[in-house]
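Undergrad: What follows is a structure written as structure tokens; I'll ask about it next.
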Amino acid sequence: MEGLKKLENVQKIIELMQSHGIVTSSSNANSLRFLADLTLLLVSPCHELDVDAKCELIIDHVPKFSHVFLEEAMQCTSEQGAEQMVNTDCDDKTTNAPFQKDLEDTAMVGIDDMQRANSTLEDFCRSYFMFHKMDPHQPQSIFRFLPLLSFTGSYIYQLDNLNEKLLHPSVGKDRSSYAEYNVLGSYICEKMTSDSFRPLCICVFTLSRVREEFSSGVEYWSLERKLCHAHGSKQEISVEDVMRAIHLKSFDYRVLNPLLYQLRGEKVNDMHMEFLSTSEFLVEDDVLENSFNILRMFNGIYGASAAPAMLAKIITEAEEKYDSLLKALDPELSLNYQKRCEEATKEGGKTSGPSLGTWSIPPVIEDEELYQSDVLNSKSTIPEWNT
């Protein structure tokens with residue numbers, strides 16, 4: 001995770017340089033990475049040297065670095081490799097090396113990620129605890145397992161947030177911005193593998209089912225990047241990839257659920273997992289942040305006129321499977337889950353009509369760039385008050 005945090009800082013510095021006009025979106029990705037690393041070096045602590053002192057040193061001495069000098073410097077470091085010798089921290093690494101290795105194997109989360117995970121955890125407790133014969137209204141049921149569930153959910157959101165940073169080509173920029181994000185994103189994508197969860201597995205998990213769901217999460221992030229970038233750059237989209245992604249999308253619930261089985265020392269109930277997975281399938285997302293959304297993907301594949309009908313077909317098939325699995329549940333569990341669905345429907349603002357709500361497919365957004373630009377402009381516009 002330490003390496004992922006460093007790459008996230010690189011991305012923030014590049015965005016900051018662009019906002020200050022230091023670089024442009026058309027700048028070479030390797031040049032952007034070098035300038036970002038140099039900036040991080042300047043702002044990193046180095047004993048008594050402040051930023052002004054560092055800048056003065058660069059201004060005074062870098063012009064004296066001749067080509068001959070740099071060639072000799074490369075030869076001096078050739079045995080270990082110049083790249084490995086570069087540090088952005090002037091502290092003594094000989095004493096910190098063991099601690100650094102420990103950090104790489106330690107799962108850590110930030111407060112923002114914990115806050116983002118809250119809504120998922122609340123819904124998980126209220127919707128999934130009943131499948132474990134646990135009462136979500138009893139504090140002892142919640143707090144017995146909450147620390148580990150919360151930490152795991154937050155860890156997933158931390159990685160998800162990093163993945164989302166690769167889905168933000170600037171509104172109004174030309175299509176080269178997608179290529180820029182793809183090149184820059186390769187640094188992060190190399191880290192977004194099953195090894196991303198290695199520190200968490202070392203600390204927590206023994207159940208193979210949990211590790212399998214981690215792999216599903218990594219696959220989903222990869223598909224999300226592939227589909228959203230292809231959609232944004234008007235490239236061909238695979239229906240198979242879309243359907244695979246929608247089935248993998250709620251993998252965070254499918255991590256927490258077998259984790260709870262593990263914590264309780266119980267065997268995973270595959271029938272319950274299949275039912276809940278089908279229920280998760282019937283949940284969708286929006287378009288403003290360029291995140292994965294089945295309707296916008298169908299729009300790219302079938303066109304605006306046919307996309308809603310194709311989505312309705314998929315929903316109908318999923319609902320038929322959902323109804324079949326619902327009838328196979330224990331009657332009391334089935335009734336409790338339907339009551340929870342009714343609660344969630346009312347909490348979502350639906351106060352009339354069927355108790356479980358109805359599907360309403362929104363209008364297809366044909367020109368997403370125009371839509372995104374209009375929304376962002378409306379948020380930035382200051383209203384004029386008449387006096």
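Undergrad: If you count only protein heavy atoms with a 1.4 Å probe, what accessible area per residue comes out for the range 206-278, rounded to a whole Å²? Numbers along the way, then the final one.
TA: On the way: 3110 Å² over 73 residues.
Solvent-accessible surface per residue comes out at 43 Å².
Undergrad: Keeping all protein chains in position, work out how much accessible area Tyr322 exposes to a 1.4 Å probe, and write it in Å² to the nearest 10.
TA: Accessible area of Tyr322: about 30 Å².
Undergrad: Applying 1/(1 + (r/R0)^6) with R0 = 25 Å to the Cβ-Cβ distance of Leu38 and Met108, what FRET efficiency is obtained, to the nearest 0.05?
TA: Numbers: r = 27 Å, r/R0 = 1.07.
So, using R0 = 25 Å, E works out to roughly 0.40.
Undergrad: How would the range 103-161 be classified by its alpha-carbon gyration tensor: rounded, prolate or oblate, with rounded meaning a/c under 1.5 and the a/b versus b/c comparison settling the rest? Walk me through the numbers before you get to the answer.
TA: Working: a/c = 2.62, a/b = 1.97, b/c = 1.33.
Since a/c reaches 1.5 and a/b is larger than b/c, the shape of the range 103-161 is classed as prolate.
Undergrad: Could you put Ile111, Ile294 in order of accessible surface area, largest first, with the 1.4 Å probe and the full protein assembly present? Numbers along the way, then the final one.
TA: Numbers: Ile111 110, Ile294 5 Å².
I get Ile111, Ile294, largest accessible area first.
The values are calculated or read from the model by the stated rules, or taken from the named source; none is laboratory data. This one's a predicted model, so the numbers in the text were calculated from it and none came from an experiment. All Cβ positions, glycine included, derive from the backbone under ideal geometry; neighbour counts span all protein chains shown. SASA here: full protein model, heavy atoms, side chains in, ligands and nucleic acids out. Shrake-Rupley method; radii C 1.70, N 1.55, O 1.52, S 1.80 Å.
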